[in-house]
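Engineer: This is the structure I want to talk about, given as C-alpha cells.
The values are calculated or read from the model by the stated rules, or taken from the named source; none is laboratory data. Keep in mind that what you see is a predicted model, and the values were worked out from it rather than measured. Ideal geometry is used to build each Cβ from the backbone, glycine not excepted, and the neighbour counts take in all protein chains shown. For accessibility, only protein heavy atoms count, side chains too; no ligands or nucleic acids. Shrake-Rupley method; radii C 1.70, N 1.55, O 1.52, S 1.80 Å.
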There are 2 protein chains.
Amino acid sequence: MAVLRMGIIGMGNMGSDHAKKLIRGIVPEVELTAVSEMDETRLEASKAYLPESVGLFASAESLMDSGLCDAVLIATPHYDHPRLAMLAFDKGLHVLCEKPAGVYTKQVREMNEKAQDSGVVFGMMFNQRTNPIYRKMHELVHSGELGAVKRVNWIITDWYRTQAYYDSGSWRATWAGEGGGVLINQCPHNIDLLQWICGMPAQVRAFCHEGKWHHIEVEDDVTAYMEFPNGATGVFITTTGDLPGTNRFEITLEMGKLVCENNTLTLHKLSQNEREYCFTSKDGFAKPEVDVSAVPAEGDNSQHMGVIASFAKAVLNGEPLIAGGEEGIRSLELSNAMHLSSWLGETVELPIDEELYLQELNKRIAGSNRKETEAVLFDTEGSFGS
Amino acid sequence: MAVLRMGIIGMGNMGSDHAKKLIRGIVPEVELTAVSEMDETRLEASKAYLPESVGLFASAESLMDSGLCDAVLIATPHYDHPRLAMLAFDKGLHVLCEKPAGVYTKQVREMNEKAQDSGVVFGMMFNQRTNPIYRKMHELVHSGELGAVKRVNWIITDWYRTQAYYDSGSWRATWAGEGGGVLINQCPHNIDLLQWICGMPAQVRAFCHEGKWHHIEVEDDVTAYMEFPNGATGVFITTTGDLPGTNRFEITLEMGKLVCENNTLTLHKLSQNEREYCFTSKDGFAKPEVDVSAVPAEGDNSQHMGVIASFAKAVLNGEPLIAGGEEGIRSLELSNAMHLSSWLGETVELPIDEELYLQELNKRIAGSNRKETEAVLFDTEGSFGS
C-alpha cells in the first residue's frame, strides 16, 4: 500500500474543509476516495467540487462497505463518533476521529477496547498538537529541567461564536445533539493540550453557565479550578462570548514560568530552584536572578493535514501517531469532570463516576430541545484558534 | 493649622519607612512629631535616625495623650488597627490607617460608626489607588463607554516572600497575630482595587491553601472564583510562593477588553457592542473590528506619600480623601468572603454572615501557634508590588 485510500464520513464544516485540502494533494500519502453525508443538499454541494473518482454515499455504512477505503475520517456530529468508529473497527478499517472522541467516557472506553481488539490504527484529530509552541511547552515541562509544575492558568476565551453559528445546525449546542457546549465542541483541543502538557488533575470544581451569551441550552461560559496530584492548582477559563478573547496559557514551575500568548512562548528561568531559595535566603523580600527569553518554537504548524499525514504514515509504515485513540478519553474525562462538577455544584475527583455522569447527561438530553433550523455551511478558514 | 502634626504608631517595616520619608520633607503638609513602638529595640533603632524634635513613646496611648499630634498613622499589626483607631477617635485625633482596616468586618463596621460620631477625618492607606494605571481603569470602566463588565481575571502572584520573611516576626502569618495570610497582609490593595474598579461580587467560591509554600499556618495560595450581581464572573489568583510572579489584570466588557500588565494598560476596543453583534451578524465566525491601543496613564504614582498628602489636605482644607475609612470595610468583606468560602468548602454570598466568619476565625485563633522568633526589620524598598 503506497497511498492510503481514505473516506470522509460527514461533510459538514470540518469534513468538507478536509476534503478540499486532500483533493489538492496536500497530503501525498492520502488519496480521498469517498465521502458520505446523510444530508442530501450537502452531498450535492460536495459533488460540485470533488473529482468524479471520489465515491459519494448517503450513509457511512455504504461508504465503509464500498471497498473504496482502507481508512475513514469521522467528521460527523460528536454523538456518532463512537458508533461509527466501532462500525469501522468491525469492518477492519483504520479510523481517524475528529475531536471529541465521544460525549461520555463510558462509551469511549468501549471504543478503545474495540480498536485494540481489531488491530487497526485508531488516531485522534488533535491537530493543535502539531503546533510547535505547544510541542515546545510539552518538551520543556516533561524534560524536568524546570522542576515540578506549581500552577497552571489558561485563559482561552478566543472561541467567539455568534448566534448565527448556533442557529446553523439543529444539533448544535443541544444536549441531545452535541452533549455539551464550548467544552465539548470548541475546547477538546485545549483540554487535550492541558492534560498532555500538565497531566490530569486529581480534582475539579467548575462553574459552567448555560446559554449565558447565546440562546442555547448548553454551556457557553466556563471557569474551572483544578488541583493536580502533586498539589499544583490551575484554572481553565473559556467562553464563546468574549470579544476580543484571550489565549494565554501560563505554567509556573519550581524553576520559573512559561507563558504562551500571541503565538509567542516566553520562558522566565530562575537561577535557582524557588523551593530551595525560599528556605535558604536570609532576606525576606529577595528573589533569585531571572532570565527572560523568547523560546524558539520551530517547525511547521501542519494542523489537520499534519495529523492526517502522520495517521497515513502510521498505517503505511508503522510510524507513531500524533495522538492515539486512547488520548481521546483523557481530554473527554476532564471535560466530563467539568460538566459534572458544575451540575452537582461540588468538587469532583478524577476518575469521575462515569455512571453518574451519564445519568446526569441523560436527564439533560431528556429535556433537550432540538432546534428547528436549516443547515448552513460556513467558511471556517482561520476559525480554529491557535 | 498650616501643617498637620502627625504621629506614627508602630515602627515596623512600614512605619519606619513612612517616618524616614516624612522627615525628608516629602510631604510638606505633614510634620512628623512623634512615633510610638512597644518593642524597645525598634524604638531605640528609630532614635538613631529621627530628629530630636520627634517624641518617642513606648505606647500608642502615651503618644495620643502627648499633645504632640493632631493625627495618627496606624502601622501596627492588623489586629490592633480597629482598637487603636477607636482610641484615637475618642481623643479627637484624625486617623490614617494602614491596610487592612482590621481583620473582620464586624469590628471594622464599629470602627466606622465611631469615626462618624467623632467627626474626625478617617482615611485608609490604599496607596495603590494613586497608581495612574488603576485610576485610568477605574475611569474607563465607570464611564460606561465600554459597556457592562463581563469577566475579570486578575492573576496577582507577584507577592513573593521567603521563609525568612515569615520568620521575621512572631505575629507574622499566624491566625492569632494577623488573622490570615496573603489575603490579609499582601492583597488588601488588590482586593480594594478589584472592588473599586469592578464593584463587589454577589458570591465567591475560594480555594485557600494554608502553609502550602512556607512553614506557616495561614494561607499562602488562593484561587477565588467570583460572580457579580450583573452575572459577570471572575477569578482572583494570588500567592506568596510563585517566582517570577505575574500581575495581569484583565477586564472584558461589552465593548472590548482592558489588560493591565507590566505597567502598561492596553485597550482592545470593538467597533460595535458584542451583545448587539452576536445577535445581528449573519456569519457564525465573524467578528467586528478591534482597535488595540496603549492607554496613556499620566500622573505621578505618589503611593503612600500621596495618600498621606491627601489625608493632610483633607484635614487641613477639607479636600477629598483618596480612600475614606468606609472603603476599608468593602475590601475586607471580600477578603473575609474568600476565607469563609474556603473554610466552609462552599460558595458564600455577600454580604457574608459576619458572626459565622468570626466564629470560624476564632476557632483558628484558638489553635494558633505564635512563633518563637526574633523581630527583624527588612529594607522594604520596591517590595510592595505595583
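Engineer: If the requirement is being more than 27 Å from B:SER46 (Cα to Cα) and among the small types (Gly, Ala, Ser), which of these qualifies: B:ALA101, B:ALA115?
Structural biologist: Only one candidate qualifies: B:ALA115.
Engineer: Among the residues of segment B:281-298, count how many are more than 7 Å from chain A (Cβ to nearest Cβ) and either of a type in the set (Phe, Trp, Tyr) or open to solvent by 80 Å² or more (accessible area, probe 1.4 Å) (or both).
Structural biologist: Result for segment B:281-298: 5.
Engineer: What number of residues in segment B:337-350 are touching a strand residue (DSSP E or B) at 6+ places or on another chain (Cβ under 9 Å) and assigned to a helix (DSSP H, G or I)?
Structural biologist: 7
Engineer: Does B:THR157 qualify as being under 22 Å from the mean Cα position of the chain (by Cα), surrounded by 21 or more Cβ atoms within 10 Å (Cβ to Cβ), farther than 30 Å from B:ASN273 by Cβ and assigned by TED's automatic domain parsing to the domain that holds B:PRO201?
Structural biologist: For B:THR157, the condition - under 22 Å from the mean Cα position of the chain (by Cα), surrounded by 21 or more Cβ atoms within 10 Å (Cβ to Cβ), farther than 30 Å from B:ASN273 by Cβ and assigned by TED's automatic domain parsing to the domain that holds B:PRO201 - is met.
Engineer: Quick check on segment A:135-154. Is at least one of its residues within 14 Å of chain B (Cβ to nearest Cβ) and closer than 27 Å to B:CYS278 by Cβ?
Structural biologist: Going through segment A:135-154, the residues within 14 Å of chain B (Cβ to nearest Cβ) turn out to be A:146-154.
Narrowing further to those that are closer than 27 Å to B:CYS278 by Cβ: A:153-154.
Yes, there is a match, as at least one residue in segment A:135-154 is within 14 Å of chain B (Cβ to nearest Cβ) and closer than 27 Å to B:CYS278 by Cβ.
Engineer: Here's something else I'd like to know. Starting from segment A:161-180, take each residue that is within 14 Å of another protein chain (Cβ to nearest Cβ) and list its partners that are of a type in the set (S, T, N, Q) and open to solvent by less than 10 Å² (accessible area, probe 1.4 Å), counting only C-beta distances under 7 angstrom and pairs at least six apart or across chains.
Structural biologist: Every condition considered, the pairs that remain are A:ARG161/A:THR240.
Engineer: Sort through A:ASN317, A:ASN301, A:ASN263 and tell me the only one that's away from chain B (no Cβ under 14 Å) and without any contact (Cβ under 8 Å) to a residue 12 or more places away in the chain.
Structural biologist: Just a single option satisfies the conditions, and that option is A:ASN317.
Engineer: Among the residues of segment B:1-29, what is the count of those that are of a type in the set (D, E, K, R) and under 14 Å from B:GLY55 (Cβ atoms)?
Structural biologist: Within segment B:1-29, residues that are of a type in the set (D, E, K, R) and under 14 Å from B:GLY55 (Cβ atoms) number 1.
Engineer: Search segment A:323-342 for residues that are in contact (Cβ under 8 Å) with a residue 60 or more places away in the chain and pair each with any residue that is in a helix (DSSP H, G or I) and open to solvent by 20 Å² or more (accessible area, probe 1.4 Å) when their beta-carbon atoms are under 6 Å apart and the residues are at least 6 apart or on different chains.
Structural biologist: Between residues of segment A:323-342 that are in contact (Cβ under 8 Å) with a residue 60 or more places away in the chain and residues that are in a helix (DSSP H, G or I) and open to solvent by 20 Å² or more (accessible area, probe 1.4 Å), the close pairs are A:GLY325/A:ASN112; A:GLU326/A:ASN112.
Engineer: Give the residue, chosen from B:LEU43, B:LEU22, B:LEU32, B:LEU84, that is touching a Leu at 6+ places or on another chain (Cβ under 7 Å) and in contact (Cβ under 8 Å) with a residue 40 or more places away in the chain.
Structural biologist: Testing whether each residue is touching a Leu at 6+ places or on another chain (Cβ under 7 Å) and in contact (Cβ under 8 Å) with a residue 40 or more places away in the chain leaves just B:LEU22.
Engineer: Just one of (1) in contact (Cβ under 8 Å) with a residue 40 or more places away in the chain; (2) open to solvent by less than 20 Å² (accessible area, probe 1.4 Å); (3) assigned by TED's automatic domain parsing to the domain that holds A:GLU219 trips up A:THR347, so point out which.
Structural biologist: Checking A:THR347 against (1) in contact (Cβ under 8 Å) with a residue 40 or more places away in the chain; (2) open to solvent by less than 20 Å² (accessible area, probe 1.4 Å); (3) assigned by TED's automatic domain parsing to the domain that holds A:GLU219, the one that fails is (2).
Engineer: With the structure loaded, tell me whether A:GLU110 is acidic (Asp, Glu), under 27 Å from A:GLY180 (Cβ atoms) and not in a loop (DSSP other than H, G, I, E, B) or whether it fails that test.
Structural biologist: So A:GLU110 fits the description; yes.
Engineer: Then there's this: Find the residue count for segment B:209-241, including only residues that are open to solvent by 20 Å² or more (accessible area, probe 1.4 Å) and more than 10 Å from chain A (Cβ to nearest Cβ).
Structural biologist: Residues of segment B:209-241 that are open to solvent by 20 Å² or more (accessible area, probe 1.4 Å), as a first pass: B:209-213, B:215-217, B:227, B:229-231.
Imposing the further condition that a residue be more than 10 Å from chain A (Cβ to nearest Cβ) reduces the set to B:210-211, B:216-217, B:229-230.
Summing the residues that are open to solvent by 20 Å² or more (accessible area, probe 1.4 Å) and more than 10 Å from chain A (Cβ to nearest Cβ) in segment B:209-241 gives 6.
Engineer: For B:PHE249, are the conditions met, namely being touching a helix residue (DSSP H, G or I) at 6+ places or on another chain (Cβ under 7 Å) and either open to solvent by 10 Å² or more (accessible area, probe 1.4 Å) or more than 8 Å from chain A (Cβ to nearest Cβ) (or both)?
Structural biologist: The answer is no for B:PHE249.
Engineer: Additional query: Just to be sure I understand, how many residues within segment A:321-362 are touching an Asp or Glu at 6+ places or on another chain (Cβ under 9 Å) and β-branched (Val, Ile, Thr)?
Structural biologist: Counting residues in segment A:321-362 that are touching an Asp or Glu at 6+ places or on another chain (Cβ under 9 Å) and β-branched (Val, Ile, Thr) gives 2.
Engineer: Kindly indicate whether any position in segment B:197-207 is open to solvent by 20 Å² or more (accessible area, probe 1.4 Å), more than 7 Å from chain A (Cβ to nearest Cβ) and polar (S, T, N, Q).
Structural biologist: Within segment B:197-207, one or more residues are open to solvent by 20 Å² or more (accessible area, probe 1.4 Å), more than 7 Å from chain A (Cβ to nearest Cβ) and polar (S, T, N, Q).
Engineer: Could you check how many residues of segment A:1-21 are open to solvent by 10 Å² or more (accessible area, probe 1.4 Å), under 23 Å from A:LYS91 (Cα atoms) and of a type in the set (A, V, I, L, M)?
Structural biologist: 3
Engineer: List the number of the failed condition for B:SER170; all other conditions in (1) small (Gly, Ala, Ser); (2) closer than 28 Å to A:LEU253 by Cβ; (3) in a loop (DSSP other than H, G, I, E, B) hold.
Structural biologist: (2)
Here is a yes/no grid of residues against (1) under 21 Å from A:TYR225 (Cα atoms); (2) among the polar types (S, T, N, Q):
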position: B:MET124; (1), (2): no, no
position: B:MET137; (1), (2): no, no
position: B:SER143; (1), (2): no, yes
position: B:GLY147; (1), (2): no, no
position: B:TYR165; (1), (2): no, no
position: B:ALA173; (1), (2): no, no
position: B:LEU194; (1), (2): yes, no
position: B:PHE207; (1), (2): yes, no
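Engineer: Evaluate the following for B:SER271: is it of a type in the set (Ser, Thr, Tyr), more than 9 Å from chain A (Cβ to nearest Cβ) and open to solvent by 10 Å² or more (accessible area, probe 1.4 Å)?
Structural biologist: yes
Engineer: Condition test on B:GLU254, is it at pLDDT 95 or above and surrounded by fewer than 16 Cβ atoms within 10 Å (Cβ to Cβ)?
Structural biologist: When the stated conditions are applied, B:GLU254 does not pass them.
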